[in-house]
Amino acid sequence: MVRDTQRQDAMLCDSPACSDDRPGHAMTLIRLRLSAVSPRGWVDAVVTDSSDDGRLELTEWRTGAVCTVWHHQDLGGSLPLGCPVALHDAYSVLAVGRHRYNVAIV
C-alpha cells in the first residue's frame, strides 16, 4: 500500500469542521471521482481496531496484511470492529457501503 509522506502535517487538524483537502480531511470531488473510475487499487478489508484519535486498523481479506488509516474525525463509532470496508490506496479513499472517507494511510 501507498504510505502518506505528509502524515504528520495531516494529523495536526483539530477542527471537526475542517476544510483541508489533504488525506484524512475533507473529501474533494476530484479524489472521489478518480477513485470511482479507477477499479484497480481497491483492497477489501475489515476494521480490526479503532482509537478515538481517528486511527483505524484494517486487515486485508486476501493477504491478512494490516494497514492503519487516519481521519480527522473519530470513525470508530460509525465503523464497528468487524465492519467490511474497501480502501483505494492510490487515492486514500475508504469506502463503507455508500459512504466515502478521505483518509491518510499511515
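The values are calculated or read from the model by the stated rules, or taken from the named source; none is laboratory data. Model, not experiment: these values are computed from the prediction. Note that each Cβ is placed from the backbone with ideal geometry, even for glycine, and that neighbours are counted across all protein chains shown.
State the number of residues belonging to segment 82-106 that are in a loop (DSSP other than H, G, I, E, B) and at pLDDT below 95.
Result for segment 82-106: 8.
Filter segment 54-88 for residues that are under 18 Å from Val43 (Cα atoms) and small (Gly, Ala, Ser) and give the result.
The answer is Gly64, Ala65, Gly82, Ala86.
Going through segment 28-42 one residue at a time, which ones are touching an Asp or Glu at 6+ places or on another chain (Cβ under 8 Å) and either within 16 Å of Arg98 (Cα to Cα) or modelled with pLDDT under 85 (or both)?
Result: Thr28, Arg31.
Please specify each residue of segment 52-69 satisfying the condition of being at pLDDT 90 or above and either under 14 Å from Ala104 (Cβ atoms) or in contact with a helix residue (DSSP H, G or I) (Cβ under 8 Å, 6 or more places away or on another chain) (or both).
Residues satisfying the conditions are Arg55, Leu56, Glu57, Leu58, Cys67, Thr68, Val69.
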